[in-house]
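Taking it in order: structure first as structure tokens, then the write-up.
The values are calculated or read from the model by the stated rules, or taken from the named source; none is laboratory data. Keep in mind that what you see is a predicted model, and the values were worked out from it rather than measured. Heads up, the Cβs are rebuilt from the backbone with ideal geometry, glycines too, and the neighbour counts pull from every protein chain shown.
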Amino acid sequence: MQSKAMILFFIVMGVACQQAPKADKAAVTEAQAVKSPENGHPRHLDTSASILYWIGTKPTGEHKGTFHFKDGQLFVKDSTLTGGEFTIDITSLTNLDLANQPDMKKKLEEELRGENFFDAANFPVARFQITEVSRYQPSGKEEVMLKDATHMIKGNLTLKNTTKNITFPARITISNEKINAEADFNIDRTQWGMTYRADKSLQDKLINSIVNIHFEILAK
């Protein structure tokens, strides 16, 4: 009987400790100066072929969804990425895992667009501006989880009325006609003032403060 109770305990703990997906943790600092790319040629974001995925977790599971990009551009000089910026349409927030439960899907989307989270009515867009680009050089102290990472990207991320500089690895390929970029990292939403249900004492009402971001972009 005691053995069964212990097994049940560990099962419950496993469910209660739902964590964000394993990914590189974005380093967060104060906003940095944005430098204008010198003589860089702009490549414009293909918004129809670019997407930003998000995953949020809670004690009982997780929810997945997307944002669409509104516009953006990357700058290239001599086949080297020198800068860029993107605008994310917060009003485009969509849930992907509740398609079979339309009422729950609508409720979640409205809650996330509401003032406790993104407050899309007052802040309909988010912005990311690159402040520094460097080649990723593997080392024993700085291994990253993103497979075949090529660059380290630093940039100012503005959500609502807060701007922070984040650093994350990315996989970027550049040709004469296009740029493909992909990244997968975790950030702490409370850094941008979204503290709703982030207190761990809330137990089953807790919403993990760590959110997974995965974007795939194409610029031509």
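Here are some conditions: (1) in contact (Cβ under 8 Å) with a residue 24 or more places away in the chain; (2) not in a strand (DSSP E or B). Glu111 meets all but one. Which one does it not meet?
(1)
If you go through region 24-60, how many residues are in contact (Cβ under 8 Å) with a residue 60 or more places away in the chain, in contact with a strand residue (DSSP E or B) (Cβ under 8 Å, 6 or more places away or on another chain) and not charged (D, E, K, R)?
Number of matching residues: 19.
So which of Lys35, Lys4, Lys77, Lys58 is exposed (fewer than 15 other Cβ atoms within 10 Å of the Cβ), under 30 Å from Leu206 (Cβ atoms), among the basic types (Lys, Arg) and at pLDDT below 95?
Lys4
So, Thr94, is that one within 16 Å of the chain's Cα centre (by Cα), polar (S, T, N, Q) and at pLDDT 95 or above or not?
It is true that Thr94 is within 16 Å of the chain's Cα centre (by Cα), polar (S, T, N, Q) and at pLDDT 95 or above.
If you check Lys35 against the conditions, is it basic (Lys, Arg), touching a Phe, Trp or Tyr at 6+ places or on another chain (Cβ under 9 Å) and more than 17 Å from Glu109 (Cα to Cα)?
Taking the combined requirement at face value, the residue does not satisfy it.
Could you please tell me which pairs satisfy a Cβ distance under 8 Å, a separation of 6+ or placement on different chains, a first residue in region 183-197 that is in contact (Cβ under 8 Å) with a residue 12 or more places away in the chain and buried (at least 21 other Cβ atoms within 10 Å of the Cβ), and a second residue that is aromatic (Phe, Trp, Tyr) and part of a strand (DSSP E or B)?
These pairs meet every condition: Ala183/Phe168; Ala183/Phe215; Phe185/Phe168.
Among the residues of region 38-54, count how many are outside any strand (DSSP E or B) and surrounded by fewer than 18 Cβ atoms within 10 Å (Cβ to Cβ).
6
Which ones in region 65-74 are surrounded by fewer than 17 Cβ atoms within 10 Å (Cβ to Cβ) and under 25 Å from Ser209 (Cα atoms)?
Residues satisfying the conditions are Thr66, His68.
Could we say that Thr82 is more than 29 Å from Lys106 (Cβ to Cβ) and either surrounded by 17 or more Cβ atoms within 10 Å (Cβ to Cβ) or at pLDDT below 95 (or both) here?
Here the answer is yes, as Thr82 does meet what is asked.
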